[in-house]
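Asks: Below is a structure I'd like to ask you about.
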Amino acid sequence: MTHIKTRKYAPRATMLATATLAAGFSPLTATAADADADSAKNKTTDLDQVQVRGSWFAPSSPKFTAELLDTPKSVAVVTERTIQEIGATNLVDALRMVPGITFGAGEGGNSTGDRPFLRGFDGQSNMFVDGLRDVGTQTREVFNLEQLEVVKGPSSAYGGRDSGGGSINLVSKTPKLRNETNISMGAGTDSYARGTVDANYVLGDGIAARLNLLKHDSDIAGRDAANVSRWGVAPSIAFGLNGPLQVIASHYHLETDDLPDAGGFPYADPIAKTTSGTPLVPDRNNYYGLKDRDFQRTRADISTIDASYAFGEHKLRNIARLGNTSNDYLWTQPDDSKNNPNLYGTLWRRTNSRAIDTRTFADQLSLTGAFQTGGLKHSYSTGVEYSEEKSSKGNYVIGGAGTNNPLTGNQACPTTGAATGYNCTDFYNPNPNDPWAATHPVYRSDKALDVEQTTKTKSVYAFDTIELSARWLINLGLRWDDYDTEQVTPVVGNAPTLLRNKNDFFNYQAGVVFKPTANGSIYLSYGTSSTPPGMDSGEGNDSISAAIENLKPQETKNYELGTKWDLLDNRLNLTAALFHTEMSNARVVIDNGTTENAGKKAINGLELGVTGKITDNWNISGGYTYMDSELKDNGYICSISSRTGCPAPGVWIVSPNNGNVFPNTPEHAATLWTTYVFPFGLTIGGGASYVDKQYGDAANTKWIPSYTRWDAMVSYAIQDNISLQLNVQNLTDKTYFTKAYASHYASIAPGRAATLALNVTF
């Protein structure tokens, strides 16, 4: 891939790439903790892992047409080494030290799985794998990841439909022209056992194969009963790695079988006796679910063919994918709708379930390269995309006494035990071993009644970075999407209900970059995004409904002023950005009870980041995010509480939530990670993350408190190819919450956990 280089200045030394290989684009946590202890051979191996342009890591997407140093947008890259250093095993772990990203919880209507919030906007539907949208809720693993890429701010110009906060791209491992096998075996507290294999072999001239394997089992630290179990395999083969024509074929398979712990604790104010405030925690180990009922089983099968041909300054590439994912679960939500914890010291074990299968086909054809027109140098990327997503959604039906309390006929739980069908439990001393299943048969709903949704998208895009002079660059991007989604809901004895939204929309990005020196840039940029109804295939906040099916996409725009610098002889990277993001036509209920594109919400923020080396042996990475969010116009609400409509004598009044803070959006968040490499093979590291108070609801009546979490790492190189690594997560055993749902509950974080891994390379 060819990208613009500033011609006036001499190229930066390639040794900088070696020095910062383990450092992601700020404000990511990243270090090169044991780089100085590596052999020359291993250093070469590290360089092969990631394409490096200048001092910044390169995103895999060909849509980036300049170095990240000269890209007028906040972009973060988390490397494979960073993931290994902090002991991450899933996507949430890998992103936990990125300030500005929080995580939301699921329920019945919003599937349980990865649900990141980027700059205050729900990013559940903005997940990509190798540049192609990855629909279907999952709990994603890291065993087959080369790196993670986070684009912040409205990014529809890059990926199409978007919620407005940004997107996350998972980059898969692919074959390389070297023979190398990495094996990691780990054990730890809470029955932790994890093994991974990453084997790469050269099979012939320009031909290589790679195989990644995973087996993982563990309990959840500080939580009774809950556990996770998963296994995965990811084979790939590549042809033509030493020539202009390359073809890579790969498959990814992951299965999980967990006793889920998504429920956490209900909101409750024991003094005011209300269901507002912070989560009430009688004992952090309390598990309100049931061992013989609760489960979550997911499966992902993704097959990809990536073919490219390079000619001169240009590259033609086509990547095609077939995907099939499923997410089946039935789990306990600690429901507070009847105020049972305050009134009786009990809890209703509400059930949430989902059985969904999602099938996808996507194809992206792109042409990238460079050319010159007069005195202007262009680095361009253009392409077309087509995708088709089909989801089939059902649930699990509970027979017998159902899930209500048979003594009251509803969710009120004055008592507990067998007489309540074990649907009520003691809030202070729950028993996850209650024999619930004996009198409650569970079966999958009739597949003939599944809700079917099909989404087809056709897109065209073009990007260009234009070098006006040695100091001035212009970055332009344009994308057009033809979006068509249709949802069919079968109705017994009647014609099915049909909902459809068909829209086409343009999105733009534009930025100007000024380079006062070769090692710095100052930029001003503008970008947009479009959020059409039904964009999440029926799995989250953007599900299609009769109220919104004919509405236009929500539109978000972002202004950003930032700067990026390489200092200390290009060893230390600093970034800063001011941003203003505004959704001007949010979907809200207006004064006649209908839903229109009439709302407005905005967020102003500041991001700071530092990544690199203070000395040859001392690495540091940190970041800070400030977000001032406001629901400027949240429409109207009914003057009396009602889940459906506004029955008499209710009237529609201006929303009292106007002026409130976005849910899941902390005002302040900060991270720090640092390591020091001793000359005798020992590396020590530690880090902290701070997240401010987060509201779960738009009314700002339910929230999770601020917290600071500490982590530590020690590794020792026994010899060049064998090392031991000890990670201690949540070092102080802090009790805190990571996910705030809009109603009923928040998810508690795991307690302190320690793992020891033996890593062998040959």
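Asks: Percent of Cα-Cα pairs more than 22 Å apart in region 649-762, please.
Replies: 53 percent
Asks: Pop out the ³J(HN,Hα) list for region 492-497 in order, Karplus 6.51 cos²θ - 1.76 cosθ + 1.60 with θ = phi - 60°, rounded to Hz; leave Gly and Pro as x.
Replies: So the J values, rounded to whole Hz, are 4, x, 9, 5, x, 8.
Asks: If you take the alpha carbon radius of gyration of region 120-275 and divide it by 2.2 N^0.38 Å, what ratio comes out, to two decimals?
Replies: 1.35
Asks: Can you compute the helix-only [θ] at 222 nm over the chain? Use -39500 (n - 2.57) per DSSP H run of at least 4 residues, normalise by all residues, nearest 500 deg cm²/dmol.
Replies: The per-residue figure over the chain is -1000 deg cm²/dmol.
Asks: Viscosity 1.306 mPa s, temperature 10 °C: Stokes-Einstein D of region 248-316 from its Kirkwood Cα radius, in µm² per second?
Replies: Translational D for this selection: 92 µm²/s.
Asks: Okay, moving on. In square nanometres and to one decimal, what's the mean projected area of the convex hull around the Cα atoms of region 668-731?
Replies: 5.6 nm²
Asks: How do 266-278, 419-431 rank on mean C-beta neighbours within 10 Å, highest first?
Replies: Most protected by this proxy first, the peptides run 419-431, 266-278.
Asks: In cubic angstrom, how much convex hull volume per residue do the alpha carbon atoms of the chain span?
Replies: Residue-normalised Cα hull volume stands at 150 Å³.
Asks: Among the chymotrypsin sites (Phe, Trp or Tyr not before Pro) within region 300-399, which fall in a DSSP loop and have no more than 14 other Cβ atoms within 10 Å of their own Cβ?
Replies: Within region 300-399, no chymotrypsin sites (Phe, Trp or Tyr not before Pro) qualify (loop, at most 14 other Cβ atoms within 10 Å).
Asks: Just how far, in whole angstrom, is region 599-652 from region 133-169 if you go by their alpha carbon centroids?
Replies: 19 Å
Asks: May I ask you to list the chymotrypsin sites (Phe, Trp or Tyr not before Pro) in region 610-666 that are in a DSSP loop and have at most 11 other Cβ atoms within 10 Å of their Cβ?
Replies: none
Asks: Here is a follow-up. For region 343-375 and region 515-565, write down the distance between their C-alpha centroids in whole Å.
Replies: 15 Å
Asks: Using θ = phi - 60° and the Karplus relation 6.51 cos²θ - 1.76 cosθ + 1.60, list the HN-Hα couplings for region 381-392 in order, rounded to whole Hz, with x at every Gly or Pro.
Replies: Along region 381-392, the couplings run 8, 9, x, 10, 9, 9, 9, 9, 10, 10, 10, 10 Hz.
Asks: What relative contact order, as a whole-number percentage, does the chain give when Cα pairs under 8 Å and 6 or more residues apart are counted?
Replies: Relative contact order here is 14 percent.
Asks: Now for a separate question. Excluding L606 itself, calculate the net charge of residues whose Cβ lies under 12 Å from the Cβ of L606, where each Lys or Arg counts +1 and each Asp or Glu counts -1.
Replies: -3
Asks: Of the cross-linked pairs K73/K693; K632/K693; K515/K557; K176/K315, which ones have a Cα-Cα span greater than 22 Å in the structure shown?
Replies: The answer is K73/K693; K515/K557.
Asks: Continuing with this model, one more query. Provide M583, M97 in ascending order of the number of other Cβ atoms located within 10 Å of each residue's Cβ, fewest first.
Replies: Least to most surrounded, the residues fall as M583, M97.
Asks: Continuing with the same structure: Just to check I understand the Karplus step: with θ = phi - 60° and J = 6.51 cos²θ - 1.76 cosθ + 1.60, what whole-Hz values come out for region 439-455, glycine and proline as x?
Replies: 10, 9, x, 10, 9, 6, 4, 4, 4, 5, 9, 4, 7, 10, 10, 10, 10
Asks: Could you state the angle between the C-alpha long axis of helix 40-49 and the longest principal axis of the C-alpha atoms of the chain, as a value from 0 to 90 degrees rounded to the nearest 10?
Replies: 60 degrees
Asks: So what's the net charge close to Q411: Lys and Arg +1, Asp and Glu -1, counting the other residues with Cβ under 10 Å from its Cβ?
Replies: So the environment of Q411 carries a net charge of +1.
Asks: Which net charge results when you count Lys and Arg as +1 and Asp and Glu as -1 among the other residues whose beta-carbon is under 9 Å from that of G562?
Replies: Residues near G562 contribute 0 overall.
Asks: If one computes the Cα centroid of region 183-241 and of region 396-415, what distance in Å separates the two points?
Replies: Each part reduced to its Cα centre gives a spacing of 42 Å.
Asks: Averaged over every viewing direction, what's the projected area of the C-alpha convex hull for region 344-413? Give it in nm², one decimal, please.
Replies: Answer in nm², one decimal: 10.6.
Asks: Could you work out the relative contact order of region 364-435? I mean the mean sequence separation of Cα pairs under 8 Å and 6+ apart, divided by the number of residues, in percent.
Replies: Reported as a whole number, the value is 17 percent.
Rule-based calculations on the coordinates, nothing more; no lab input. Just so we're clear, the structure is a prediction, and the values are computed from it rather than from any experiment. Note: ideal-geometry Cβ built from the backbone for every residue, glycine included; neighbour counts use all protein chains shown.
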